[in-house]
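The values are calculated or read from the model by the stated rules, or taken from the named source; none is laboratory data. For clarity, every value in this text was computed on a predicted model and none was experimentally measured. Positions of Cβ are generated from backbone atoms using ideal geometry, with glycine treated the same way; all protein chains shown enter the neighbour counts.
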Amino acid sequence: MAQDDQTLRIGAYDLRLPPEHNLPTILQKHPQYDRLYWDIIGALLAENDLADTCQLIDIGANVGDSAAHFRRHATGPVWAIEAHPDYFTYLQANTAGMGDVTCTQALVAPPALAAKVSLDIHDGTGSTRLDGTGPFQGQTLSPAKLMAGARTPCMIKSDTDGFDGRIISALIPKMQATGTWPAIVTFEGPRLDQVENNEPARHHAALTALMQRGYTLQILTNTGLPVAYLGANTQALDWHMRSHRASVQAGVPAAHYFDYICIAPGLNTRTLTFAPDGPIRL
């Protein structure tokens, strides 16, 4: 940690960030960034009486900003997982006063890919890549071990800047094997530079598998604007994926990436209708 660290307040917490971290700059341009996203999740937790019991499994926890947003709405336990050693130092410091938080320094990756993955740092954040400068040398956490540590109820958030489709796809069979189906699964879609490779297909497959299980889907832009609530309509998901690729190829993408919030079957989802008298108002 450095003397010229930045400070960012989220909820009741003043977080320290590295001097080069871009989150304050993003929030200046897009004040709704992450806020509506977490307000939706918080309203879903409250609507289903999960705020006091739901465990957050935070894959790619960075400096603890997601944990701070979670704490705006919930008191349940947090398992914060971050691979980069510098960010992990900030994560531990920032979450020290957030109650039941367990921090693990590890890279979540399927065993077959763990030796091929590297971490890149750009614009003050980390990304997981298969074409990096070398294999990751630190501790790894397999999908099986992650699901073994999941409590019931739980929610899984994955933000690894490019690797999330692979992570969620690898977690789904483990969810099936353990019988632990999270109340909420949320992750980032492919970045613009991934649209022309096979990564969108991995995200598409993960979302389709969850929706076929009965999960419903809310889509937001990376800057926090709501796009659509698709329910469990996989044909609408197909259209969304094709539309995004076409807009990228035309040079007019609607977003740099999309955030996906998947809600387990059986949960109340009135929050996602954005009703005039509902908990979320736009």
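Restricting attention to region 66-98, the residues being buried (at least 23 other Cβ atoms within 10 Å of the Cβ) and hydroxyl-bearing (Ser, Thr, Tyr) number 4. Among the residues of region 125-136, is any at pLDDT 95 or above, β-branched (Val, Ile, Thr) and within 19 Å of the chain's Cα centre (by Cα)? Scanning region 125-136 turns up no residue that is at pLDDT 95 or above, β-branched (Val, Ile, Thr) and within 19 Å of the chain's Cα centre (by Cα).
Here Pro200 clears all of (1) surrounded by 23 or more Cβ atoms within 10 Å (Cβ to Cβ); (2) assigned to a helix (DSSP H, G or I) except the condition numbered (1).
Within region 149-196, the set of residues being part of a strand (DSSP E or B) and either of a type in the set (Lys, Arg) or surrounded by fewer than 17 Cβ atoms within 10 Å (Cβ to Cβ) (or both) comprises Lys157 only.
Is it fair to say Thr221 is of a type in the set (S, T, N, Q), without any contact (Cβ under 8 Å) to a residue 40 or more places away in the chain and in contact with a helix residue (DSSP H, G or I) (Cβ under 7 Å, 6 or more places away or on another chain)? Here the answer is no, as Thr221 does not meet what is asked.
Checked against (1) among the aliphatic types (A, V, I, L, M); (2) out of contact with any Asp or Glu (no Cβ under 8 Å at 6 or more places or on another chain); (3) outside any loop (DSSP other than H, G, I, E, B), Leu91 passes all but condition (2). Would you call Ile280 at pLDDT 95 or above and within 27 Å of Glu47 (Cβ to Cβ)? When the stated conditions are applied, Ile280 does not pass them.
For region 246-257, residues that are assigned to a helix (DSSP H, G or I) and either farther than 16 Å from Asn222 by Cβ or of a type in the set (Asp, Glu) (or both) total 2.
For region 1-31, give me the residue count where each residue is over 19 Å from Gly64 (Cβ atoms) and either touching a helix residue (DSSP H, G or I) at 6+ places or on another chain (Cβ under 9 Å) or of a type in the set (Gly, Ala, Ser) (or both). Matching residues across region 1-31 total 0.
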